[in-house]
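Down below is the structure, laid out as structure tokens.
The values are calculated or read from the model by the stated rules, or taken from the named source; none is laboratory data. These numbers were taken from a predicted model, which means no experiment stands behind them. Using ideal geometry, Cβ is built from the backbone for each residue, glycine included, and neighbour counts are taken over all protein chains shown. Keep in mind that these areas ignore ligands, DNA and RNA; they rest on the heavy atoms of the full protein, side chains included. Shrake-Rupley method; radii C 1.70, N 1.55, O 1.52, S 1.80 Å.
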Amino acid sequence: MNDLFVYTLRLGDDALIAAQRTAEWIAAAPQLEEDVALGNIGLDQLGQARSLLQYAGQVEGADRSEDDLAYFRDERDFLNLQLCELPNGDFAHAMARLLYFATYQHLLYEELRGCADEMLAGVAGKAVKEVAYHVDHATQWVLRLGDGTEESHRRMQAGLDALWPYTAEMFESDDLVRRLAVAVDPSTLQAEWERRVMAVIDESTCSRPVASYQHSGGRTGRHTEHLGYLLAELQHVARSHPGATW
Amino acid sequence: MVTDTAILEAVGEVADPEVPVLTIADLGVLRGVRHEGDEVVVTITPTYSGCPAMDVIRHEVELTLNSLGVDGRVETVLSPAWTTDWMSESGKAKLVEYGIAPPTGRGAVFLSLTVRCPLCGSPDTTELSRFGSTSCKSLWRCNACREPFDHFKAL
Ligand SMILES: [Zn+2]
């Protein structure tokens with residue numbers, strides 16, 4: 001398979017699956033402003049996914065549209081990080097994931113906007129500014145919950161700890177990213193990511209999470225059991241009524 | 001033969017469905033017009049990647065081209081990325097009149113810059129949420145007149 005296609009699919013799938021999980025918060029967030037905020041954040045992620053999947057389809061050259069790629073691929077064909085597909089958990093979990101993921105996306109897009117591929121650079125240049133708002137939103141909540149009440153602190157710590165074993169996957173390098181000139185080797189982002197995330201965690205009075213084991217496999221299509229359920233919901237209507245428009 | 005200027009003027013009048021007081025020319029969403037053989041290509045750019053207004057805007061531009069008798073299509077470009085700097089001064093003035101505080105400052109600079117209340121003009125305002133009724137807005141409250149208002153946030 002074409003390296004550029006696979007690389008673009010990885011980025012697009014991250015954004016798409018993250019958008020789906022974020023959207024699950026709509027009408028379930030702890031306050032109305034948060035419903036609106038998460039709705040907007042999910043919409044940004046979905047917009048990034050659309051641009052990336054559309055481009056992936058173009059690169060592949062097999063006449064697949066963004067919708068074909070989103071709705072008519074099976075679990076093992078998705079190349080997103082496992083971090084993106086995990087169930088939402090409580091609100092502190094959601095903010096821990098947003099902190100981890102948006103900080104990663106921000107560093108990645110910052111690099112990618114200077115790459116030689118005009119389309120990827122364009123998507124990244126647009127997305128980097130949106131993601132800056134996501135990082136800020138997550139940061140504010142991690143600080144507020146971590147340095148809040150005893151209960152909010154306990155939950156924030158639990159969220160940070162639970163998702164930590166899924167963070168190393170973001171920085172895994174492989175032959176493909178080393179071969180593909182326009183790709184950002186994610187291992188080069190890890191030190192700065194840790195510096196930024198740890199600064200927030202320290203200030204939140206939570207302790208730095210540690211993990212004895214780090215999960216991996218999303219980039220090659222190996223997923224947690226949760227992705228199948230997510231896709232069932234995401235793809236159900238499109239597959240029941242293929243080709244339907246409204 | 002319809003001139004490029006006439007095309008830009010006509011399609012520039014298409015309104016943003018989310019903030020109908022602004023045209024796509026005011027917003028800076030309209031990028032330009034070029035020719036590919038006999039075909040006219042109008043380029044537009046989204047404010048935010050996921051902006052749901054883009055589909056409606058694309059359709060409205062196509063209808064306008066049709067009504068001019070121009071054979072054309074609409075292309076979405078992402079680069080260079082849209083920023084609030086592209087909004088015209090008259091666009092910003094229209095926003096205030098409509099009750100939305102126009103963008104100030106640059107991008108996600110997380111200092112507390114004062115946003116003036118578009119209703120009473122007071123600088124004594126509080127940000128309630130960085131995210132508002134649409135992607136491009138944040139939600140504020142005026143401490144002087146107590147009214148909530150939208151702020152078109154800087155990007
Ligand atoms: Zn006021």
Inset, instruction - For helix A:150-163, report the angle its Cα long axis makes with the longest principal axis of the Cα atoms of chain A; keep it between 0 and 90° and round to the nearest 10°. - result: 30
Inset, instruction - For A:Gln140 paired with A:Glu75, estimate the spin-label separation in nm (one decimal), with each label point 7 Å from Cα along the Cα-to-Cβ line. - result: 3.7
Inset, instruction - Quick one: accessible surface of A:His106, probe radius 1.4 Å, all protein chains present, in square angstrom to the nearest 10. - result: 30
Inset, instruction - Round to the nearest 10 and give me the degree value, 0 to 90, for the angle of helix A:3-23's Cα axis relative to the longest principal axis of chain A. - result: 50
Inset, instruction - Kindly state, to the nearest 0.05, the FRET efficiency for A:Glu111 paired with B:Met1, given R0 = 51 Å and r defined as their beta-carbon distance. - result: 0.65
Inset, instruction - Just the number, please: carbon plus sulfur as a percent of the accessible area of the protein assembly as shown, 1.4 Å probe, no ligands or DNA/RNA counted. - result: 51
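Given a Förster radius of 56 Å and the C-beta distance between B:Cys120 and A:Asp68 as r, what FRET efficiency does 1/(1 + (r/R0)^6) yield to the nearest 0.05?
On the way: r = 52 Å, r/R0 = 0.93.
Computed FRET efficiency for B:Cys120 and A:Asp68: 0.60.
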Inset, instruction - Between beta-carbons, use under 13 Å as the cut-off and find the net charge around A:Gly42, counting Lys and Arg +1, Asp and Glu -1. - result: -2
Legend entry - 5 angstrom amide H check on B:Arg31, placed H, neighbours 5+ away: B:Thr43, B:Ile44, B:Thr45
Inset, instruction - Quote the relative contact order of region B:89-152 in percent (integer), defining contacts as alpha-carbon pairs under 8 Å separated by 6+ residues. - result: 28
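What are the semi-axes of the equivalent ellipsoid of the protein assembly as shown, taken as the square roots of 5 times the eigenvalues of the Cα gyration tensor, listed largest first and rounded to whole Å?
35, 29, 18
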Legend entry - Summed side-chain charge close to B:Pro17 - residues other than B:Pro17 whose Cβ falls under 12 Å, Lys, Arg +1, Asp, Glu -1: -3
Legend entry - chain B: angle of helix B:89-98 to the longest principal axis, Cα-based, in degrees nearest 10: 60
Inset, instruction - Classify region B:89-152 as rounded, prolate or oblate from the Cα gyration tensor: take a ≥ b ≥ c as the square roots of its eigenvalues, call it rounded if a/c is under 1.5, otherwise prolate when a/b beats b/c and oblate if not. - result: rounded
Inset, instruction - Mind checking the per residue accessible area of region A:3-240 for me, 1.4 Å probe, whole number of Å²? - result: 41
Inset, instruction - Using protein chains only (no ligands, no nucleic acids) and a 1.4 Å probe, work out which residues of region A:12-59 have their accessible area cut by at least 50 Å² relative to the chain alone. - result: A:Glu33, A:Asn40, A:Leu43
Legend entry - Per residue solvent-accessible surface (Å²) - chain B, probe of 1.4 Å: 46
Legend entry - Buried accessible area, chains A and B (both chains, 1.4 Å probe, Å² to nearest 100): 2000
Legend entry - Alpha-carbon centroids, region A:171-213 and region B:61-106: separation in whole Å: 38
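With a cut-off of at most 13 other beta carbons within 10 Å, and DSSP calling the residue loop, which chymotrypsin sites (Phe, Trp or Tyr not before Pro) in region A:166-242 qualify? Please list them.
Answer by residue number: A:Tyr213.
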Legend entry - Highest-fluctuation residue, A:Gln190, A:Gln31, A:Gln48 considered, GNM on chain A with Cα pairs under 10 Å: A:Gln31
Legend entry - Protein-protein interface of region B:77-107, residues with accessible area decrease of at least 50 Å², isolated chain reference, 1.4 Å probe: B:Leu78
Inset, instruction - Summarise the partner chain shielding of B:137-147 as one whole number: the mean count of Cβ atoms from other chains within 10 Å of each residue's Cβ. - result: 1
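Taking the DSSP beta bridges in the protein assembly as shown as the whole, what percent of them are antiparallel, to the nearest 5?
Working: 16 of 23 bridges.
So the antiparallel bridges in the protein assembly as shown amount to around 70 percent.
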Legend entry - Interface residues in region B:13-54 - accessible area drops by 20 Å² or more relative to the isolated chain, probe 1.4 Å: B:Tyr48, B:Ser49, B:Gly50
